[in-house]
Amino acid sequence: QMNDALQFRYTAILDRTTQEREQFVERGFLSSIVPTGFSDQATFGVNASNGGGIFQSQASQQLFLSQADILFNKKILGLDVEAGASFQYEELNSSFGSQRGENLVVSQVRSLDNPQSNIQISSNEQDAVTYHTIGFAHANYKEKYSFDGVFRQEWSSFFGADARSDNFYQVGFA
């Protein structure tokens, strides 16, 4: 009976995270205590500053994992055979953006067109894909002779352009 000898499994996971943050200090801000993340330019009158500042950041990350496995296990004419294969797919997408500026020209405008000092912009984006494939076989005849074989292939966008994938194998007889 083939159905008892063959098994199949599939799993998948999706994980997504997003985060947004904004810190706004109104033009004309008067305090000797500078808000965290800002310089003294956020305070009105310091170095002829109008005061105020804006800080915005956005971050998102998504991870998708998928794995499929197949396993075959059967006794045929005194030969115990076990074989299987597995395929795994991973995809990671992430992005980050940050904006900052101080010494605001206009009140209540929350864009980077408004600051005159300490303007900083930053951005980061990363996309990565990885594949893992493995196949194996094991057979023994009457608990006396044994054969084992394994093949594995790795592919990743992290590897250099000339070496995106590599193969590994192992064979044994006893």
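The values are calculated or read from the model by the stated rules, or taken from the named source; none is laboratory data. For clarity, every value in this text was computed on a predicted model and none was experimentally measured. Please note: Cβ atoms are built from the backbone with ideal geometry, for glycine as well, and neighbour counts cover all protein chains shown. Heads up: the accessible areas ignore ligands, DNA and RNA and are worked out on the full protein's heavy atoms, side chains in. Shrake-Rupley method; radii C 1.70, N 1.55, O 1.52, S 1.80 Å.
So if I check each of Ser157, Ser117, Ser107, Ser146, which one is under 30 Å from Ile13 (Cβ atoms) and of a type in the set (Ser, Thr, Tyr)?
Values: Ser117 fails: under 30 Å from Ile13 (Cβ atoms); Ser107 fails: under 30 Å from Ile13 (Cβ atoms); Ser146 fails: under 30 Å from Ile13 (Cβ atoms).
Just a single option satisfies the conditions, and that option is Ser157.
Regarding region 41-58, can at least one residue be identified that is of a type outside the set (Gly, Ala, Ser) and closer than 30 Å to Ser157 by Cα?
Checking region 41-58: at least one residue is of a type outside the set (Gly, Ala, Ser) and closer than 30 Å to Ser157 by Cα.
Could you name every one of the strands (runs of 3 or more DSSP E) located completely within region 90-174 that has at least 2 residues being surrounded by 12 or more Cβ atoms within 10 Å (Cβ to Cβ), modelled with pLDDT of 90 or more and touching a Ser or Thr at 6+ places or on another chain (Cβ under 7 Å)?
By residue number, 115-141, 145-156.
Give the number of residues within region 49-73 that are open to solvent by less than 80 Å² (accessible area, probe 1.4 Å) and over 30 Å from Ser107 (Cα atoms).
Going through region 49-73 one residue at a time, the tally reaches 11.
Looking at (1) under 38 Å from the mean Cα position of the chain (by Cα); (2) farther than 30 Å from Glu143 by Cβ; (3) of a type in the set (Ser, Thr, Tyr), which is the only condition Ser86 fails?
Every condition holds for Ser86 apart from (2).
Residue by residue through region 1-48, note down the ones that are over 30 Å from Val105 (Cα atoms) and open to solvent by less than 90 Å² (accessible area, probe 1.4 Å).
Restricting attention to region 1-48, the residues satisfying the condition of being over 30 Å from Val105 (Cα atoms) are 1-18.
Matches in region 1-48: Ala5, Leu6, Thr11, Ala12, Asp15, Thr17.
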